[in-house]
4 protein chains.
Amino acid sequence: MTQARSIAFIGLGIMGLPMATNLVRAGHRVSGYNLTPEPIQKLAAEGGRAATSIADAVRGADTVITMVPDSPDVEAALLAEDGVYAHAEPGALVIDMSTIRPDVARAVAAAGHEKGFRVLDAPVSGGEAGAIEAKLSIMVGGDPEVFAEAEPLFRVLGTTPVHVGPSGAGQTVKAANQLIVAGNIQLVAEALVFLEAHGVDTEAGLKVLNGGLAGSTVLTRKGDAMRARGFEPGFRIALHDKDMKIVTTAAREAGVAIPLGALVAQFVGALKAQGHGGLDHSALLKIVEQLSTKEG
Amino acid sequence: MTQARSIAFIGLGIMGLPMATNLVRAGHRVSGYNLTPEPIQKLAAEGGRAATSIADAVRGADTVITMVPDSPDVEAALLAEDGVYAHAEPGALVIDMSTIRPDVARAVAAAGHEKGFRVLDAPVSGGEAGAIEAKLSIMVGGDPEVFAEAEPLFRVLGTTPVHVGPSGAGQTVKAANQLIVAGNIQLVAEALVFLEAHGVDTEAGLKVLNGGLAGSTVLTRKGDAMRARGFEPGFRIALHDKDMKIVTTAAREAGVAIPLGALVAQFVGALKAQGHGGLDHSALLKIVEQLSTKEG
Amino acid sequence: MTQARSIAFIGLGIMGLPMATNLVRAGHRVSGYNLTPEPIQKLAAEGGRAATSIADAVRGADTVITMVPDSPDVEAALLAEDGVYAHAEPGALVIDMSTIRPDVARAVAAAGHEKGFRVLDAPVSGGEAGAIEAKLSIMVGGDPEVFAEAEPLFRVLGTTPVHVGPSGAGQTVKAANQLIVAGNIQLVAEALVFLEAHGVDTEAGLKVLNGGLAGSTVLTRKGDAMRARGFEPGFRIALHDKDMKIVTTAAREAGVAIPLGALVAQFVGALKAQGHGGLDHSALLKIVEQLSTKEG
Amino acid sequence: MTQARSIAFIGLGIMGLPMATNLVRAGHRVSGYNLTPEPIQKLAAEGGRAATSIADAVRGADTVITMVPDSPDVEAALLAEDGVYAHAEPGALVIDMSTIRPDVARAVAAAGHEKGFRVLDAPVSGGEAGAIEAKLSIMVGGDPEVFAEAEPLFRVLGTTPVHVGPSGAGQTVKAANQLIVAGNIQLVAEALVFLEAHGVDTEAGLKVLNGGLAGSTVLTRKGDAMRARGFEPGFRIALHDKDMKIVTTAAREAGVAIPLGALVAQFVGALKAQGHGGLDHSALLKIVEQLSTKEG
């Protein structure tokens, strides 16, 4: 076991609760706080401490982890009067594991550094299953020595923590991840509908595709579900839509053209507009079908 | 070893010559023919028989394999007066391993069936390295029993022969393969230029991307070369451009929309128009750079 | 009136019949032929001569006009044993006004020149209304002197005959026309659905848009119908789909990237695949709606 | 002449100075303020009053017009402590003619209404030439009665003031305008490079295109300059890039897919990233050329 730490965990949602639970099980002291009380009780039942506020959670903690939905939530959790920076112990290690805008990550890191905290951005990939099974990929931005200190914690949560650069770099890599994933799902969807229209045996077809240069984790994990039109999440379109906004905005700010990314972002947004925000992102297949088949 | 067959191999190019050589080494009798004489002599030096024409090559052969650049070449090799169908032994097994249009594959199969031949379309994926190392993926269309007969031969040439449907299905799957590969390279290129512009450590970044849902064979095989701008082929843009024409045409004929595929086809064509047809298809990165950076 | 000519008109469809009729009314001798007899009788009722075959139609004619659906139809009408080149008077003026592939236009012109005919490609824009009202735009490729000879005839059929270059140039300009038109309809559709979603008065909105740099003939002629979802043709999606194939192929052959054109071609094809091939091309609005709204 | 008003004009840039000058010439009392002093002196030389601050400019004015670069500038000019709302006469008519985000237009209108002002958003189209020649298109959002009061002023500045809906509607229509304009320029660029590659006489070609359904104000105003590669602004890429961000964001918020708009936005951004932000937006032609031609 790694050295036991005292951790405040802010944000016990579909991802945060199993992550906090894994930290408890690894022997760490974890106080949890969430906007709604139910998951706090669940964490307490696992051996964590139920906190009544962020201020309560961070008291005595050497480490603070935030895992909340979006950029404004991170800003609120860290910067507000009742937030982390106002109440955490001097010099605490603050790790934001939410998926947010790289520029916001840089800004909240700078604000934390000014107050003497050590701050990392450490978004994850792998979904609810990865959180439960502690198999998350973790992409980390910030000071390399701070990363080294946090690495044992990351290894409790996932299999691949990687330091990718200075503050914000973790979020930048996560944005690139979402670009590739959405695009690759769309490509598999186009290929699958194409194969079906030509009467190909798609079980065999996807298998041979996955064995060659077209192979991908998307094909491995999503191929069969896409063949069966099973779109229960997994990772929801509504969240991927938020992430496509992040990557298109961050690419624009960097002066980088992402034509395929921008186009697939339109299709992710279309699915959401159609009311399919709750489906898995592999439901991009529905867009290809709509554009390809006779109306019923 | 599989049962020794007598094979005519038509088309001894960058792919065909190592494939024919592997068949010789596996104990088969192979007579080779090519439009230029040099590779015929190389095959003879490996123990094959140097044929002076298609008619000469197919004499006495129970199996004929064609491996030529494009649809018209296959039509010429099979259908012409001096071609395979006019001179092959009655009932011979004819396997076209070129990458061509699915409708042409169906047409030449039908023409062969009419003359009593057994015909398969069996395009491959894996490139020159795959051909040399006998690690090709092979996607096969045609009669399942004919596939079963040919399977031992395919296992000499590659690791994953898969029967995917009736005549033309092999070419359809190959077309889908080329769609996914081009799109995935473009996505990786967009992500990589984006990460570079943000100052991310791209070696670590691509590693963590490849460990998650964004992971792919493209990242594994091409990621480092793309970081280093090493674009020696591999698989040339000029060929991928031909293949993108095949898949966009076949999708149109089937009434299937492939918007990402159609867009990346424009970029593959642009690279070729710029005079980069001889570079590896990972040179799509150059398009992203052109669209993203200040002129020198 | 221009000097009376003796004209064979091959192809009396939705465009050809009113064009041939206008030539009769202008005082020319017109013999008409069509694959189905009904329009031949209609032309005869207007004062034309009902021909029983292409050979019959071209007998004694100094001018032959073809107006048929697609490239293979032109090849059949001109090149076949019972076609124009085999039976027309020596040195006749042959004008193909169909919309076909530029390379086919060049090929049939070359074949005609070899036999001593003078050949122009002269596709039109303006639709059925333009044909009836003799307000077609006519874009003409071929020898400038031959164009000068034919110009009086063109002025019977339309208001803007323009010589744009050598053989095939007329078809190339027509292809460019179809690219711009499809793209512009799609842009107006995206703008209109966007304005509706924001609760803007779209009648006033389109009016002010049409008064500025966004103004276009598409807005003038199609804007109100698009607001009212009136998609009766006009110019049918099925034909525009054929034309988008022509322009994407011709652009590829010339090494020219047309990313917007290629993308809108996917949407035109999608509408056709959905069974809307018989609607006006302004029905591209349906694609934008599908990608934007909740399912019913 | 319309009834003389007392007008404060905030923002005397490339557009604002000629607009304010036209108001002076029409007999209105105009006090002008700008962040840099030079244009204030120019306006004074035309008979305006040189103001030393926003507070100074709005003193005694029944009407305030703002014409500044972007959303934050409008927020600063209207909402800041030293801004319009803090110092303008009670009940003044406030007209923002900048091009900004529709949601910001709605927000500043609401803030103004709360303080008793009457507020319109009234962005313009037509560029510097339109401002000088008083030929602007003006798209106006807000209360219809307030529009009626302001209409005589608008007629001093342009030829087509149109009321298009409630607060923000003017900006929404302007956003749609920029979407169509960018897309249409790109389509003309694709068509032009395509025609050149095929050796067509493009002067004649563009003329005949402009006479048919492909006709547009873009072709009329920009076609010849694009043929000649004359890219002096006109309307600069850097501003159009800002506007494409507005329309893509506003479309996303409304759940409307704009695939062509999103794609051309990438190319506008690419031009800016290449350092061409100062060129006219017709320089999108450079992108098509880059994607189509051999490197020198």
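Where a number appears in this text, it was derived from the coordinates with a stated rule and is not lab data. Everything numeric in this text was worked out from a predicted model, so none of it was measured. Positions of Cβ are backbone-derived with ideal geometry, glycine not excepted, and every protein chain shown enters the neighbour counts.
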Compute, for chain D, the length of the dipole vector about the Cα centre, with Cβ point charges of +1 (Lys, Arg) and -1 (Asp, Glu) only. Units Debye, rounded to 20. 340
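So if R0 is 22 Å, what FRET efficiency would A:His113 and A:Leu79 give, r being the distance between their Cβ atoms, rounded to the nearest 0.05? Intermediate results must be reported in sequence, preceding the final value.
On the way: r = 13 Å, r/R0 = 0.60.
E(calc), rounded to 0.05, equals 0.95.
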Candidates per GluC sites (Glu not before Pro) in the stretch C:201-296, loop by DSSP, up to 11 other Cβ within 10 Å: C:Glu295
Quickly estimate the mean residue ellipticity at 222 nm for chain D, helices only: each DSSP H run with n ≥ 4 gives -39500 (n - 2.57), and the total goes over all residues, rounded to 500. -16000 deg cm²/dmol
Describe numerically, in nm with one decimal, the distance between label points set 7 Å from Cα along Cα→Cβ at C:Arg229 and at C:Leu35. 3.5
Report the Cα centroid-to-centroid distance between the stretch A:94-148 and the stretch B:207-227 in angstrom, as an integer. 22
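Taking each residue in D:87-96, count the Cβ atoms of any other chain within 10 Å of its Cβ, then average. What number comes out?
Working: counts 0, 0, 0, 0, 0, 0, 0, 0, 0, 0.
Across the residues of D:87-96, the mean count of other-chain Cβ atoms within 10 Å is 0.
Taking only C-alpha pairs under 8 Å that are 6+ residues apart, what is the relative contact order of chain A in percent?
Details: 539 pairs, mean separation 38.4, N = 296.
About 13 percent, as a whole number.
How far, in nm, would the chain grow between C:Thr220 and C:Ala4 when pulled straight, counting 0.36 nm per residue and subtracting the alpha carbon separation? Display every interim value, and only then the final one.
Details: separation 216, 0.36 × 216 = 77.76 nm, distance 3.68 nm.
Full extension from C:Thr220 to C:Ala4 adds 74.1 nm.
Starting from the stretch C:100-179, pick out the GluC sites (Glu not before Pro) whose DSSP state is loop and whose Cβ has at most 16 other Cβ atoms within 10 Å.
C:Glu133
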Taking every DSSP bridge whose two residues both lie in chain A, the antiparallel percent to the nearest 5 is 15
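Just the number, please: percent antiparallel of the DSSP beta bridges in the protein assembly as shown, rounded to the nearest 5.
Numbers: 18 of 118 bridges.
Bridges in the protein assembly as shown that DSSP calls antiparallel: roughly 15 percent.
Which value, in nm² and rounded to one decimal, describes the direction-averaged projected area of the C-alpha convex hull of the stretch D:172-290? Before the final figure, lay out the partial values.
On the way: hull surface 29.0 nm².
Averaged projected hull area, Cα only: 7.2 nm².
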Stokes-Einstein diffusion coefficient of the stretch B:1-91, Kirkwood radius over Cα pairs, 37 °C, 0.692 mPa s, in µm²/s: 257
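With 10 angstrom as the radius, rank A:Ser71, D:Ser31 by how many other C-beta atoms surround their C-beta, starting from the fewest.
Details: A:Ser71 21, D:Ser31 25.
Neighbour counts put them in this order, fewest first: A:Ser71, D:Ser31.
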From the label point of C:Ala225, set 7 Å from Cα along Cα→Cβ, how far away are the matching label points in the other copies, in nm, ordered shortest to longest? 3.2, 4.5, 5.1
For the stretch B:6-167, what is the convex hull (Cα atoms) projected area averaged across all directions, in square nanometres? 7.8
With no solvent term and unit scatterers on the alpha-carbon positions of chain B, Debye gives log₁₀ I(q)/I(0) at q = 0.10, 0.11, 0.14 Å⁻¹ of -0.57, -0.68, -1.01
What percent of all Cα-Cα pairs in the protein assembly as shown falls in each 20 Å bin, counting up from 0? 11, 34, 36, 16, 4, 0
How far apart, in nm, are the 7 Å Cα→Cβ label points at C:Ala129 and A:Glu151? 7.2
Please work out the Cα center distance from the stretch C:59-92 to the stretch B:23-45, rounded to the nearest Å. 51
Could you give the size of the charge dipole of the protein assembly as shown about its Cα centre, using +1 on the Cβ of each K and R and -1 on the Cβ of each D and E, expressed in debye and rounded to the nearest 20? 0
Name the chain B residue with the Cβ nearest the axis that maps B onto C: which is it, and what is the distance in angstrom? B:Ala262, 2
Tell me the label-point distance for the pair D:Thr159, B:Glu89, using the 7 Å Cα-to-Cβ offset, in nm and rounded to one decimal. 8.3
In chain A, which longest range has no trypsin sites (Lys or Arg not before Pro) that are both DSSP loop (not H, G, I, E or B) and surrounded by at most 13 other Cβ atoms within 10 Å? A:1-228
